[in-house]
Number of protein chains: 2
Amino acid sequence: MIQPEGSLPVLLPKGFRFSTAKAGIKASGRADLAFVQACAGTTAAALFTKNKVVAAPVSVGRVSLTRTRGHVRAVIVNSGNANCATGVPGLRACKKICDEVGRLLDVRREEVFPSSTGVIGVPLPTEKIMPALPGLVSGSAATEDAFRQFAHAILTTDTQAKISAGSFHVGNKKVTIAGVAKGAGMIHPQLATMLVYVFTDVAASPAELKRSLTQACRESFNCISIDGDTSTNDTVLLLASGESGASLADPMVRQEFNDGLTSICQSLSRQIVADGEGVQHVIRLHIEQARSRKEALAVAQAISRSLLVKTAWAGADPNWGRILAAIGASGLPIDPDRVDIFIGKQKVCRSGVNYPFNESHAHSELAKPESDIKVRLRRGSSSLTFLTTDLTVEYVRVNADYST
Amino acid sequence: MIQPEGSLPVLLPKGFRFSTAKAGIKASGRADLAFVQACAGTTAAALFTKNKVVAAPVSVGRVSLTRTRGHVRAVIVNSGNANCATGVPGLRACKKICDEVGRLLDVRREEVFPSSTGVIGVPLPTEKIMPALPGLVSGSAATEDAFRQFAHAILTTDTQAKISAGSFHVGNKKVTIAGVAKGAGMIHPQLATMLVYVFTDVAASPAELKRSLTQACRESFNCISIDGDTSTNDTVLLLASGESGASLADPMVRQEFNDGLTSICQSLSRQIVADGEGVQHVIRLHIEQARSRKEALAVAQAISRSLLVKTAWAGADPNWGRILAAIGASGLPIDPDRVDIFIGKQKVCRSGVNYPFNESHAHSELAKPESDIKVRLRRGSSSLTFLTTDLTVEYVRVNADYST
């Protein structure tokens, strides 16, 4: 049974070692390199941003995974620089780092999976990164402390590390899953400036992992939005060492594993949204009675993208008219005359028209750190819960600071 | 020749009388009713919001224009309440007001064109509006002062009235065009919480007016964005009294009129954007070498919708990577590797890659009240200039104030 809410101590899957370093990429002087070494035979699946502008490490990592047919021996992440819109020199810089890690570990360059996050359009300072690599490789450890440091080193404007882990038993075998994430800005479905690494000791083929990961992401990272922007660097990587001896080919293991992976991804999603830039209120947006899941998702995205809706939430303002207007402006074939809207348990709009409600109760509901808004479309039977946030003065401050 | 920048005195077209009243709809106690009486024979054309959620006056006005085949004898506008998401009672309230104005003027109810702007989902207080109608009708005047008061009475969160007027001569006939607008929030292409009334004394059929208005809007109101939201109440109404004696059927008149109408709509657009909620910087976004005008518009909309781009502009931050990422996330078939970006006259990105530039000059350029950003797609020969704005702390404050 998975305990995904990051309770101490973190359970670590067997087969992984972690380390971090301060290379001076971040002006703050904080750790900005994070390294994972995976044991021989580790399989991998990854999902990437759908932005057409992709960072060099996304291009390189995608090709590498294809070349190795889903095998990874190491992950090298830098924070503070996205290595995006850096052209051919950016690709060369990324490969140079993977080459060096591969050389130090005596594995192929393609078995080293790269990630970057941070400012776009600035050349990656390889001269700062290269000298730190030997220490990262020699200093890695399979300890909770090293894992936690890894979770911190991948952050940018996040205010806290995001960790979720758990384990389950099948027969006498114990399978552990542990994940870390970074988020903070550019968070919108189809992934975001979001790096997620999930480690497990289940034994699985890359294809089995991909199926499980796709399903889990659909129910988690693709149902969140902070600011509607989609990052150039989004990556979700799942690594499986096989060290538990339990196989994903076993239906009982698969069921438990998929449930656990989804729980962990949902926990990381919640942590990402709650720690979004300037977020004061998390909104659980329930879209009900849509014609399809796709339609429900599109409605949720339209609402979560409206500045007028998001600023109303910042003021805990039960201004449901803005929600209705956002649905109407979405271009979707929704009949506004059938839409019901609820704030908390109160109906505030029936069939597209104002419904008498206690405004001060609705205000109190929205003033809570997390609140529920339900939109009933009365078109079908699909439903979806989507996590989104208010838009605050603080978000603008964080993102207007010259120069990022 | 049109002098559209609202220079004093305002030229008034013949055939229109204006008045305003304070009905107590606005909590501030400011004027919230605005009335126009048009002479017999006045023709009309209107464009409305594309939001699926439309306010009662939009539904009523659209049907009325069809029934009268494009003839209008009066316009009644209230500010402070959008009469939207108010159901059948909202439609009844709107018709009741038009009925009463029609009775007072001895014209058909359908010849009275209604508009509302303000909060959504609150019943229209007809009990406040009805008693004010006789005074509006009896007190109207064809004076510049009355016209200016009209421009003020339609405002909501705008900080100033938006007026543009001008005239031209053809032979010994003088044609005048005068327009007023309200904007402030929910401004995005396909019209916005935007009410625009343009008056002229040219003689024209409703069909001729519609062609001229559609063309002028395409080059003005549909090329602006403040916050990406599309209002439920947007209306652009053009009324032609015919009193100048010059006919739009005359090609020389048509050419001058269309140029003048476009200038006036562009001037009102600029005024709307500059007075957007919390706006500190207006950005003239030039999209060049798109495959089509439609593509150029879609790129401009994607950029002007990105919170990360708009907050960077608030900080005068030349973070062009966010612009590139917004294009990449748009779903358009743009090859980021061909995109050039300029801030002011400086190239900052060439073929999707950072291009060395003087950062402090770029910062200064963006710190100006109006600045130019050029995005060259290198895909075709269509171009477009789009007006948009930064997203500031003040925008969030204005829109988060509980309760709107």
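Throughout, read-outs are computed from the coordinates displayed, never taken from laboratory work. This structure is a prediction, so every number in the text was calculated from the model and none was measured. In this analysis, Cβ positions are derived from the backbone assuming ideal geometry, glycine residues included, and neighbour counts consider all displayed protein chains.
General remarks:
- Lys/Arg +1, Asp/Glu -1 at C-beta; the protein assembly as shown dipole; positive extreme among B:ALA178, A:VAL236, A:ALA298: A:ALA298
- Mean projected area (nm²) of the alpha-carbon convex hull when region A:339-404 is viewed from all directions: 6.4
- Neighbour counting of Cβ atoms within 10 Å sorts the residues A:ARG148, B:ARG103, fewest neighbours leading, into B:ARG103, A:ARG148.
- If the convex hull is drawn through the Cα atoms of chain B, its volume per residue in Å³: 134
- Other protein chain Cβ atoms within 10 Å, averaged over every residue that makes up B:298-311: 4
- Of all DSSP-defined beta bridges confined to region A:282-400, some 70% are antiparallel rather than parallel.
- Under 21 Å from the Cα of A:LYS368 - lysines, other chains or at least 8 residues apart: A:LYS310, A:LYS345, A:LYS347
- Helix-only mean residue ellipticity at 222 nm for chain A, each DSSP H run of n ≥ 4 adding -39500 (n - 2.57), per residue, nearest 500: -10000 deg cm²/dmol
- Cβ charges +1 (Lys, Arg) and -1 (Asp, Glu), total dipole of region A:282-400, debye: 380
- Magnitude of the charge dipole for the protein assembly as shown, about its Cα centre and with charges confined to Cβ atoms of Lys, Arg (+1) and Asp, Glu (-1), is about 1580 debye.
- In region A:19-134, lysine pairs closer than 18 Å at Cα, eight or more apart or cross-chain: 4
- Straight-line cross-link reach from A:LYS162 at under 12 Å between alpha-carbon atoms covers these aspartates and glutamates, not counting any fewer than eight positions away in the same chain: A:GLU5, A:ASP275.
- Ellipsoid equivalent to region B:282-400 - semi-axes via the Cα gyration tensor, in Å: 22, 17, 12
- Listed residue (A:ALA93, B:ILE283, B:GLY331) projecting farthest to the positive dipole end of the protein assembly as shown, Cβ model: B:GLY331
- DSSP bridge analysis restricted to the protein assembly as shown gives an antiparallel fraction near 70%, rounded to the nearest 5.
- Distance from the alpha carbon centroid of region A:24-78 to that of region B:312-377 works out to 28 angstrom.
- The value for the protein assembly as shown of Rg(Cα) / (2.2 N^0.38 Å) is 1.05.
- Membrane-span-like helices in chain A (whole DSSP H runs, Cα extent of at least 20 Å along the helix axis, mean Kyte-Doolittle hydropathy of at least 0.0): A:87-105.
- Ranking A:LEU124, A:ALA27, A:ASN399 by how far each Cα lies toward the positive end of the dipole of chain A (charges on Cβ) leaves A:LEU124 at the top.
- Relative contact order [Cα under 8 Å, 6+ residues apart], chain A, whole percent: 18
- Contact order relative to length of region A:328-404, as percent, for alpha carbon pairs under 8 angstrom and 6 or more apart: 26
- DSSP beta bridge pairing in region B:16-274, given as percent antiparallel to the nearest 5: 70
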